[in-house]
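Only one structure is covered here, and it is reproduced in the block below.
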Amino acid sequence: MRENDLAALVLHVRPYQETSGMVQFFTREHGRLVGVKKGMRRGRNPVSIQPFSYGRLSYVGRSNLVTITQYDPEGRYEMHGDHLSAGFYVLELLTRCVTERQSEPGLFKAACDVLAALQSTSPLAPTLRKFEARLLSELGYGIDYLHEAGEGRAILAQERYRWVAGQGFQRIDENAIGSVDDLPGWVLHALSEQDYSRPETLRCAKHLYQKALSPLLGSAPLISREMVRASSTGTLRHV
């Protein structure tokens with residue numbers, strides 16, 4: 001099978017054999033795929049394929065490892081410091097959460113939008129939370145912030161709730177309130193509007209989305225998160 005001129009974003013690159021490279025792409029038409037670019041590191045003018053690059057991709061093959069026949073870069077998202085760390089977090093979420101050959105055109109647009117925002121001066125925390133919510137929604141794990149699990153009673157601003165994976169939000173008895181998992185109803189109302197203007201909303205959103213993404217990410221720790229923790233400054237607390 002031959003595919004030509006696909007819109008593609010480079011997620012990850014590593015050496016393969018002596019002169020080739022193994023590249024992981026996220027494409028608008030065919031989702032995430034892995035391919036080998038032969039001769040990528042050979043000669044005086046090696047082919048430059050780096051994470052955050054975007055362009056047009058052509059390949060041949062039907063297996064899980066295709067052969068890249070051509071990649072024409074059109075640009076690269078340029079980030080620095082904490083914004084670069086956040087960018088790697090986005091790429092890792094795509095790598096870990098999106099199944100190979102799973103077409104996700106809406107998510108492809110969301111990925112390009114968040115990376116474009118990260119190369120600007122957009123605030124990190126709201127930008128990442130919006131992307132996490134969009135990722136969950138596009139993959140079929142969207143959260144209903146306005147109704148309780150079960151009978152579907154309306155979430156009330158003055159009550160507190162706890163999110164249960166695979167079910168939804170359950171109201172908490174007054175005597176059981178006090179856990180880090182407790183979420184005020186007014187926060188859930190704000191999240192339904194993607195309103196992150198208040199610090200408590202951002203804090204609750206980060207905790208909620210981490211729990212919701214956990215089944216998709218698996219048990220292995222996020223490499224991007226470990227890199228942030230091991231950095232000399234450790235200033236980024238949004239991933």
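The values are calculated or read from the model by the stated rules, or taken from the named source; none is laboratory data. Note that the structure is predicted; figures quoted are calculated from it, not measured. Every residue, glycine among them, receives a Cβ derived from its backbone with ideal geometry; neighbour counts consider all protein chains shown.
Would you point out which residue out of Ser224, Ser232, Ser179 is part of a helix (DSSP H, G or I) and at pLDDT below 90? Among Ser224, Ser232, Ser179, only Ser224 is part of a helix (DSSP H, G or I) and at pLDDT below 90. Within the stretch 140-158, if we keep just the residues that are assigned to a loop (DSSP other than H, G, I, E, B), surrounded by fewer than 17 Cβ atoms within 10 Å (Cβ to Cβ) and not small (Gly, Ala, Ser), the residue that is modelled with the lowest pLDDT turns out to be Glu151. Does any residue of the stretch 71-90 turn out to be part of a loop (DSSP other than H, G, I, E, B) and touching a Leu at 6+ places or on another chain (Cβ under 7 Å)? The answer is yes, given that some residue of the stretch 71-90 is part of a loop (DSSP other than H, G, I, E, B) and touching a Leu at 6+ places or on another chain (Cβ under 7 Å). Screening the candidates Arg14, Arg96 for the property of being assigned by TED's automatic domain parsing to the domain that holds Leu124 and either surrounded by 19 or more Cβ atoms within 10 Å (Cβ to Cβ) or closer than 21 Å to Ala220 by Cβ (or both) yields one hit, Arg96.
From the list Ser103, Ser63, exactly one residue is over 23 Å from Thr121 (Cβ atoms), without any contact (Cβ under 8 Å) to a residue 24 or more places away in the chain, in a loop (DSSP other than H, G, I, E, B) and not charged (D, E, K, R). Which is it? Spell out the reasoning first.
On the way: Ser103 fails: without any contact (Cβ under 8 Å) to a residue 24 or more places away in the chain.
Being over 23 Å from Thr121 (Cβ atoms), without any contact (Cβ under 8 Å) to a residue 24 or more places away in the chain, in a loop (DSSP other than H, G, I, E, B) and not charged (D, E, K, R) holds for just one of Ser103, Ser63, which is Ser63.
Among the residues of the stretch 85-126, those identified as under 13 Å from Val239 (Cβ atoms) and more than 11 Å from the chain's Cα centre (by Cα) are Ser85, Leu118, Leu124, Ala125.
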